[in-house]
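First up is the structure itself, then whatever we jot down about it.
The values are calculated or read from the model by the stated rules, or taken from the named source; none is laboratory data. On a predicted model such as this, the values are computed, not experimentally measured, just so you know. Note that we place each Cβ from the backbone using ideal geometry, even for glycine, and neighbour counts take in every protein chain shown.
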Amino acid sequence: MKPLSLTRREFLQSTAAAGTGVAFVQVAPRSLWSEAGLPTKSEPVPAWASKPMRWFQLTLVEDDPAHFDLAFWLETFQRTRSEGVCLSGGGCVAYYPTAIPFHHRSAWLGDRDMLGELVSGCRKQGMSVLVRTDPHATYDDLQAAHPDWIAVDVEGKPRRHWASPEMWVTCALGPYNFEFMTSVHKEIMNRYRPDGIFLNRWDGSGECYCQHCIANFKAATGFDLPRTTSAQDPVRRAYLTWRRERLVILLDLWNTGIRQINPEASMIPNNGSGALNPLDAIETSRRAPMLAADRQARHGLAAPWLIGKTAKEYRATMGAKPVIGLFGIGLEEQYRWKDSVTSNAEIRIWVLDAIANGMRPWCSKFSATLHDERWLKGVEELYVWTENNRRYLTHQQPLARVGLVYSQQTAWYYGDEHAEAKVENYALGWYQALIESRIPFEMVHDRLLDGAHLAAFKTLILPNVAALSDAQCDLLRSFVSNGGNLIATHETSLYDELGSRRKNFGLADLFGVDWTGKSEGPMQNSYLRLEHEAQPGHILFAGLEDAPRIVNGVSRLEVTPRERFAETPLTLIPSYPDLPMEKVYPRTAKTDISCLYLHKPAGRVAYFPFDIDRTFWDVLCVDHLKLLRNTLLWAHDEAPILEVDGPGLLDVTVWRNPDSVTIHLVNLTNPMTMKGPYRGFFPVGPQKLRLNLPADIQAKQARLLVADSSIPIERAGSAISLTVPSILDHEVVAIEI
Ligand SMILES: [Zn+2]
């Protein structure tokens, strides 16, 4: 596993490139750059974190103490069968009589201890309790006393809060967090002994140029703070790493502090997910017995499977530890209607897709005041259903055999400010293709490619995973030499782990091609020729039997094959003018330039030297969908764990529980699939399922958990077949084993 710190070699690269190699000598001995002192073992999971299936978060607003109805909320927690609660405690506003100077008490609090009342009421109901703090904003009195605790912008000015201009933005990496918030966390832990502290907006609000950041970065690296946003700037790379490390050190400091008071307690950092997460997911996952993924709702153009993707990303680094899906009840758009209520159907599809992908739900409500109660009944129904089916929703182990790799280091050091376009959109293309193809799969973190983490997988997909170390390439090599299959696209492995370009792919031997050093794009009006004559009936052409050519991607690398490939199903039809219309004719009807390299060095390897996945996400061309699906079918080379045949768009997951195999079918078929909110649901069916069970599993009877009925199964060897007559929003097939 790649260590958290820059290695000596990496650091020398950075410093040498910046012409300040001497700095390394000065900073090398500092503990910041050593791997010692950082915990390597994962936190165990105490009962307070493992038991709750349902959480409820009450995020208080400052005037809540004026009209707070404690009995109503305790009853709501009971009605929804909530087993864990997250309650606002302090930081920005304290909801208890704090003794810490400048820890701002709610102006409506008076002598009351609202946090204390809530904690005691929830404890009486047997709930796990987290206290939420938010350190990102503060007030004039603290700013006057400690001006150096405030974040500073690139021009050297202290930052007012963007939404509440009477407040100040705090520096996350200096004494405000390291000293002041440490005291706040200890005070809360001493007074209320919660199970943990849920940290909101704790990791900073953009780059900070305060005196502490300047001095600490200089002391650690020898550099001045970077002023560029280029991923190729070695000082910026060093800064990104330093900031991530400093936040991990902060987490460790806070964990140490609260565990002196409650040894089972843990900081629960709220952070992003997937490749675009600026925090190191492996390090945060190691330090927490559970994590809550804060993806409250979709917004803009987004499919409901996005919450399932988040669940898979968290599971990749959390393993069997609980992953909680923090959902909102309102519209989550740029105008930030934080008190709004969205449609019940939208809340349902979001939560159902989270549950189907292994998350435990966590309802997040802003303000204890109910401006609109329309969400309550729907959340209660969802929550009660999970309680009634609890035994099918716990201890889940995914049975998926396909892994979609995501790479934070590729986003950080290769993508940086363009990470969405250069990194994430490739993964989204594959994700959409896998959902449409109904292939169960998991996400895989690129720094967890060892044999143990890959044991469950037969095929890995690398969607433009550009930045890979030599060691990571070696792990992929052994995966393939042990019979694993690999699909990779575009610039995968063309850069090292810090985003420096190699002369050739790190995986050139696996791909069977070398990069010539040339690339082309963006290409207009280019096509792929399907070589039916040379490869008659090839699996790549399934559903494309009558297509002589289809559209190409947009960016491609020029590569030369190391050997003659037996299978070259796709060749390039180069770009030709798209205007004036009189000039729109192909200048070259046929080339021998292959656009997909298929071979079998041990396991099967498919390499696309272009951005087919990114282009698919961009334009959603159905021909690209078929190519992606067919490539996976060619590579996977074993009977799929599950086949689902029927109409509509379904998110399909398969799990093994202690006494059952459960199959979730989430019906995403909806005119509002790619942009919410849903207005309602449209039933699809029948769906014919064929499940190829692992040899050690014997199926007994099956039930539909949503329809609440038993269902006949047909056996053929280790495979079983059954038909789900209809799915409105969600169905779960539970097969007793
Ligand atoms: Zn700062």
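Just a few scattered comments:
- Hits in segment 518-543 - residues which are more than 16 Å from D611 (Cα to Cα) and within 33 Å of the chain's Cα centre (by Cα): I539, L540, F541, A542, G543
- Note on segment 167-188: residues that are out of contact with any strand residue (DSSP E or B) (no Cβ under 7 Å at 6 or more places or on another chain) and near the ligand (Cβ under 10 Å from one of its atoms) total 5.
- Segment 567-585, subset in contact (Cβ under 8 Å) with a residue 24 or more places away in the chain and not in a strand (DSSP E or B), residue surrounded by the most Cβ atoms within 10 Å (Cβ to Cβ): P569
- Hits in segment 70-96 - residues which are within 15 Å of D113 (Cα to Cα) and within 27 Å of the chain's Cα centre (by Cα): L87, S88
- Residue within segment 391-403 that is out of contact with any Phe, Trp or Tyr (no Cβ under 9 Å at 6 or more places or on another chain), of a type outside the set (G, A, S) and modelled with pLDDT of 95 or more present: no
- Scan of segment 130-148 for residues that are of a type in the set (V, I, T) and either modelled with pLDDT under 95 or closer than 24 Å to V85 by Cβ (or both), ordered by number: V131, T133
- Subset of segment 157-166 that is within 14 Å of the ligand (Cβ to nearest atom) and basic (K, R) - its residue that is farthest from the chain's Cα centre (by Cα): K157
- Restricting attention to segment 165-206, the residues that are in contact with a His (Cβ under 6 Å, 6 or more places away or on another chain) and basic (K, R) add up to 1.
- The single condition among (1) more than 18 Å from Q408 (Cα to Cα); (2) among the hydrophobic types (A, V, I, L, M, F, W, C); (3) within 16 Å of the ligand (Cβ to nearest atom) that A288 does not meet is (3).
- Every residue from segment 624-652 that is surrounded by fewer than 17 Cβ atoms within 10 Å (Cβ to Cβ), charged (D, E, K, R) and closer than 30 Å to F681 by Cα: E643, D645
- Against the conditions (1) at pLDDT below 95; (2) crowded, with 17+ Cβ neighbours inside 10 Å, H67 satisfies every one except (2).
Let's see how each residue does on (1) out of contact with any strand residue (DSSP E or B) (no Cβ under 7 Å at 6 or more places or on another chain); (2) touching a residue at least 24 places away in the same chain (Cβ under 8 Å); (3) more than 16 Å from the ligand (Cβ to nearest atom):
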| position | (1), (2), (3) |
| --- | --- |
| C213 | yes, yes, no |
| T221 | yes, yes, no |
| D224 | yes, no, no |
| P234 | yes, yes, yes |
| L240 | yes, yes, no |
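- Residues satisfying the stated conditions in segment 100-119, i.e. of a type in the set (G, A, S) and either over 23 Å from A71 (Cα atoms) or not in a loop (DSSP other than H, G, I, E, B) (or both): G116
Quick grid of which residues meet (1) touching a helix residue (DSSP H, G or I) at 6+ places or on another chain (Cβ under 6 Å); (2) farther than 30 Å from H636 by Cα; (3) buried (at least 19 other Cβ atoms within 10 Å of the Cβ); (4) free of Cβ contacts under 8 Å to residues at least 60 places away in the same chain:
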residue: T369; (1), (2), (3), (4): no, yes, no, no
residue: V379; (1), (2), (3), (4): no, yes, yes, no
residue: R391; (1), (2), (3), (4): no, yes, no, no
residue: H395; (1), (2), (3), (4): no, no, no, no
residue: E417; (1), (2), (3), (4): no, yes, no, no
residue: G429; (1), (2), (3), (4): yes, no, yes, no
residue: I435; (1), (2), (3), (4): yes, no, yes, no
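- So L251, is it hydrophobic (A, V, I, L, M, F, W, C), away from the ligand (no atom under 16 Å from the Cβ), touching a residue at least 24 places away in the same chain (Cβ under 8 Å) and crowded, with 19+ Cβ neighbours inside 10 Å: yes
- Subset of segment 334-350 (residues that are surrounded by fewer than 18 Cβ atoms within 10 Å (Cβ to Cβ) and acidic (D, E)): D339
- Filter result for T228 (surrounded by fewer than 17 Cβ atoms within 10 Å (Cβ to Cβ) and within 30 Å of the chain's Cα centre (by Cα)): yes
- Selection count where residues are without any contact (Cβ under 8 Å) to a residue 24 or more places away in the chain and within 13 Å of the ligand (Cβ to nearest atom), scope segment 124-156: 1
- Summed over segment 194-211, residues that are more than 15 Å from the ligand (Cβ to nearest atom) and among the acidic types (D, E) total 1.
- Criterion violated by E643 - all others in (1) at negative phi; (2) outside any strand (DSSP E or B) satisfied: (2)
- Here I100 meets the list (1) over 28 Å from the mean Cα position of the chain (by Cα); (2) within 16 Å of the ligand (Cβ to nearest atom); (3) in contact (Cβ under 8 Å) with a residue 12 or more places away in the chain almost entirely, failing just condition (2).
- Segment 338-396 - residue that is of a type in the set (D, E, K, R) and touching a His at 6+ places or on another chain (Cβ under 9 Å) and, of those, farthest from T673 (Cα to Cα): D339
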